[in-house]
Amino acid sequence: MQLTLAQVARLFSVSENTVARWVRYENLPAVEVNSQYRFPRADLLEWAAIQQRSFSPEIFQEINGDHVSEVSLSESISRGGIAVRVEGADRFEVFRAAINDLPMPPEFDRETLLDLLMAREKAGGTAIGDGIAIPHPRYPVVLPGNVSVVRVCYLSNPLDYQVGDGKLVDTLFLMICPTVHEHLQLLARLASVLNSPDFRALLATRPDRTRLVSAVRAAEQAFVEQHQEATPQ
């Protein structure tokens, strides 16, 4: 699921030279294929969230040239809910507490889910600043047949993800999706919402599910409408 230099430039509304400069000087993940850059979509979205770079909603609409149905971050959060005062001295204990009452297929073993989360966390959880982390953005937890759920976790004991701003992580977003495509779409929507300083400020107040879902829904709608206004008809 890789994008070309031209596609990335279009998504960020910048020149191809700017994208190349990001690769050289701002750690934009890329691989070289036949002397040309290719950009893994999940790595790109993770970088955009960390750097708080705005991008086009086009990234929601196609994956490898195939149109995919849209998913809603606000609805996924509504299903996954908010876990408040999540206890735990380390990531294992935090994840165990966070998924304790997470909506799951009745036949699915939560210990298996915990093992999946920890295995992917070892591959690279991502803190994006302001006390926020998105575990396993590049290594999705995929459960076929289940609907996408996003659980927001407010931690009682912040974790040290060793991020540049020096802030301990006190808010986690856990995503579980039926397909990699839906994971990428939700990751894109989450990255776009978290680009808003106002939304990050709201998140710092630990809003309840009603306030958070309402804010996410409004941010999703405003983002899409802004793009539609900028796109020639």
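For the reader, a short list of remarks on this structure follows.
- Here the chain carries DSSP beta bridges of which approximately 70% are antiparallel, counting only pairs with both residues inside.
- For the range 127-232, the dipole from Cβ point charges (+1 on Lys and Arg, -1 on Asp and Glu) about the Cα centre works out to 240 debye, to the nearest 20.
- Extension reserve of the residue 14-residue 70 stretch, reckoned as 0.36 nm per residue once the Cα distance is removed: 17.7 nm
- Mean silhouette area of the chain, derived from the convex hull of its C-alpha atoms and averaged over all directions, reads 13.1 nm².
- Within the chain, helices built from complete DSSP H runs that reach 18 Å or longer along their own axis (Cα positions) and carry a mean Kyte-Doolittle hydropathy of 0.0 or higher are 180-194.
- For peptides 101-111, 134-144, 79-89, sequence by mean Cβ density within 10 Å, most packed first: 134-144, 79-89, 101-111
- Size of the range 129-233: Rg and Dmax of its alpha carbons, in Å, are 14.9, 50.
Read-outs throughout are calculated quantities, based only on the coordinates presented, and are distinct from any laboratory measurement. Predicted model, so just to flag it, every value in this text is computed and none were measured. Cβ sites come from the backbone with ideal geometry, for glycine too, and all protein chains shown count toward neighbours.
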